[in-house]
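Engineer: What follows is a single structure, and I will ask about it in a moment.
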Amino acid sequence: MSEKLITNVITKSDLKNALHQLNVTKNDVCLVHTSMSKFQFLPGASQTIVQALKETLASGTLMMPSQVSTNCDPATWEYPPVRQDLIQTIRDSMPPYDPVTSPTEGLGLTPEYFRALPDVFRSTHPYLPIAIWGKNAKQIAAKQPLNLPYGINSPLDYIYQHYGKTIFLGTDYETCTMLHYAESTIHRKKQTYSAATGIDESGKTIWTEYQNVDLDSYDDFSELGRTFEKMFPNAFQSITLGHGIIKVINTRPLVEFAQDWFDKKDHQFGNCM
C-alpha cells in the first residue's frame, strides 16, 4: 500500500511571514478559521498553527469558534435524524455544556486543540461558545449572552467593535462565523432553541431555552463573499502558501455589507420582524 508523497512543507516561520505580509499585527483582534489539509504538511500541525498565531498576535486577541454542535434539541437533527422514540432518551442523557471539558465538534483538529490549552478561555454559551486567548480574553468570554449568542456583547461583537480581522487559513466564506454576527444584528425573526445546561436530582439532563435567529437561512455565504470582494477589493488581502490560500479580511466592511445583504433577503422572504 503506497502513501502519497509529501511534496510541500509549511513551517511556523512560513506562516508567520505570510501573516506579516498580510499586515496582521501584534495588537490585532482576529477570528481564525483553519483547514490544515490545504497546506499538505505542517510539522506540528495544530500546535504549529496556534503557536504561529500567538506569536504574531503577541499583544492582541485570538479567537476560534468552539461550537458544541450536538448540544441542541435532537428532535431538530437532520444529519442524521433521530428515530422518534429515541429523542427523549437522548435528551435525558445528553451531557450538559462544560466550558472546560465539552469538546469542540465539527470544526476540525485545530479549534479543539486551541480550546483545550490552559491559557485559553471559552465563552459561556452552551451551543455556540468561542475560544479566546490574549488581551481581555477572560472578560470577553464571560460576557457572551444566552440569547442571540453571536450578537451584541458576544465575542464577535468585540471583534467588530475593535476593528478586528477574520483570517482564513485554507478555508473560505462558508466557514465565516462573522457573517452570523451580521445575521444576529439585523431585524431577523427570533426562534426558540434549547441546550443541555445541567443535571437534575434524578440524574436527567436539564435543558435551557434561549432565543436566537436562524443562522442557516439562505446557504449563500460563498456568493456573499464573492460579491463582497468584487465591491470592496481593498477590504481583504490574500497570499498563496504551498497549496493553500491565506486570506485576511477587515471585519467592519464585511459585516456592514453582510447586514445589508441579509436584511434585503429577510424582507424579500418574510424573515424579518
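The values are calculated or read from the model by the stated rules, or taken from the named source; none is laboratory data. The structure presented is a predicted model; accordingly, all values stated were derived computationally and were not measured. Glycine also receives a Cβ, built like all others from the backbone with ideal geometry; neighbour counts cover every protein chain displayed. For the accessible areas, the whole protein counts, side chains as well, though only heavy atoms, and no ligand, DNA or RNA atoms are used. Shrake-Rupley method; radii C 1.70, N 1.55, O 1.52, S 1.80 Å.
Engineer: Looking only at the stretch 78-100, count every residue that is open to solvent by 40 Å² or more (accessible area, probe 1.4 Å) and under 28 Å from Phe168 (Cα atoms) and tell me the total.
Structural biologist: The total comes to 5.
Engineer: How many residues are farther than 15 Å from Ser238 by Cβ and in a loop (DSSP other than H, G, I, E, B) if we restrict to the stretch 1-53?
Structural biologist: 18
Engineer: Now a separate question. Which numbered condition in (1) at pLDDT below 95; (2) more than 20 Å from Tyr113 (Cα to Cα) is the only one that Cys72 fails?
Structural biologist: It fails just one condition, (1).
Engineer: What is the one condition in (1) of a type in the set (A, V, I, L, M); (2) in contact with a Pro (Cβ under 9 Å, 6 or more places away or on another chain); (3) open to solvent by 20 Å² or more (accessible area, probe 1.4 Å); (4) closer than 18 Å to Trp133 by Cα that Ala58 does not satisfy?
Structural biologist: (2) is the only condition that Ala58 fails.
Engineer: Kindly indicate whether Glu174 is under 27 Å from Ala45 (Cβ atoms), open to solvent by 40 Å² or more (accessible area, probe 1.4 Å) and part of a helix (DSSP H, G or I).
Structural biologist: yes
Engineer: Name the residue, out of Lys230, Lys204, that is basic (Lys, Arg), surrounded by fewer than 17 Cβ atoms within 10 Å (Cβ to Cβ) and modelled with pLDDT under 95.
Structural biologist: The conditions single out Lys204.
Engineer: Continuing with the same structure: Please determine whether any residue of the stretch 5-21 is closer than 18 Å to Ala131 by Cβ and either among the acidic types (Asp, Glu) or within 21 Å of the chain's Cα centre (by Cα) (or both).
Structural biologist: no
Engineer: A follow-up question, please. Among the helices (runs of 4 or more DSSP H) lying completely within the stretch 87-170, list those that include at least 1 residues that are within 24 Å of Lys189 (Cα to Cα).
Structural biologist: The helices (runs of 4 or more DSSP H) meeting that bar are 137-143, 155-161.
Engineer: Under 7 Å by Cβ, and 6 or more places apart or on different chains, what pairs join a residue from the stretch 26-46 that is in contact (Cβ under 8 Å) with a residue 60 or more places away in the chain and surrounded by 15 or more Cβ atoms within 10 Å (Cβ to Cβ) with one that is among the charged types (D, E, K, R) and assigned to a strand (DSSP E or B)?
Structural biologist: Asp28/Lys165; Cys30/Lys165
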